[in-house]
């Protein structure tokens, strides 16, 4: 089945970015996606190393695998690292970028795979964001690894199964997952530092240790036009105004320098479609490269004007200043 683009719901704490009055985008996912019907919280599984069916073809990392039919499945979560990577260790609540194939244990019927779509989706390994088999099975594995797992219903789609994916409530699922990248709350921009020579604009810190960068707002009138300048220029793909991005960010009000929102404070990355945010964000991010840190100064007419979100701490007709680390295009 074809899986729609991953659009993770914007947390309530990010109301200061949502475009007032805009309709919510279609965040539905194909039912065969491992995040499509995340199971409710259950007790942690016992993780064993088998049995697991053989991978008979496509044995290299990044190749579409062919997986044999299973024999007798374990009642526990079976997980095995087929190819050991050497990258960062994956932890709960990380965002992971993967290629994967999923099939039903008893029939060997493939119900979903990303290899044919030639795109590597992102998933958040958080409770309620992904099936528990992935959440527990990928924790502790390293980027660059190929992981095979057999997920019983308890840590998959539960007794309700997933009808559109052809998955019954009694089906154990087999996944082969190539972990291509991983991001956590300490992730930062990476690239070349750009000189910040305009004294009429805020100066942003260039630290890349995962801590919130400083924002020094000058004692001057704010610009009347949108500003979107590199602080650190990455070398990744360019962002389009219709893309969904994974970011770290911090926002302050120009007049007071007071912070009103920050992913650093929540210690949680966020992702959203640039079609769902204020115009200043979508216009300012367009054309910027993945891996970059960007200073965005948003005048009121491209932000909230005279209608700021209630409880945001943003006054009417405020100019907003953001520092944004673009971690990935999703």
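Things worth noting here:
- Residues in the range 151-197 that are within 17 Å of residue 294 (Cα to Cα) and touching a strand residue (DSSP E or B) at 6+ places or on another chain (Cβ under 7 Å): 187, 188, 189, 191, 192, 193, 194, 196.
- Checking residue 277 against (1) surrounded by fewer than 16 Cβ atoms within 10 Å (Cβ to Cβ); (2) closer than 24 Å to residue 121 by Cβ; (3) modelled with pLDDT under 95; (4) more than 16 Å from the chain's Cα centre (by Cα), the condition it does not meet: (1)
- Test result for residue 324, outside any loop (DSSP other than H, G, I, E, B), at pLDDT 95 or above and out of contact with any helix residue (DSSP H, G or I) (no Cβ under 8 Å at 6 or more places or on another chain): no
- Within the range 218-241, considering residues that are without any contact (Cβ under 8 Å) to a residue 60 or more places away in the chain and in a strand (DSSP E or B), the one surrounded by the most Cβ atoms within 10 Å (Cβ to Cβ): 233
- Matching residues, the range 45-68, being part of a strand (DSSP E or B) and either within 14 Å of residue 177 (Cβ to Cβ) or out of contact with any helix residue (DSSP H, G or I) (no Cβ under 9 Å at 6 or more places or on another chain) (or both): 48, 55, 56, 57, 66, 67
The values are calculated or read from the model by the stated rules, or taken from the named source; none is laboratory data. Keep in mind that what you see is a predicted model, and the values were worked out from it rather than measured. With ideal geometry, Cβ positions are generated from the backbone for all residues, glycine too; neighbour counts draw on all protein chains shown.
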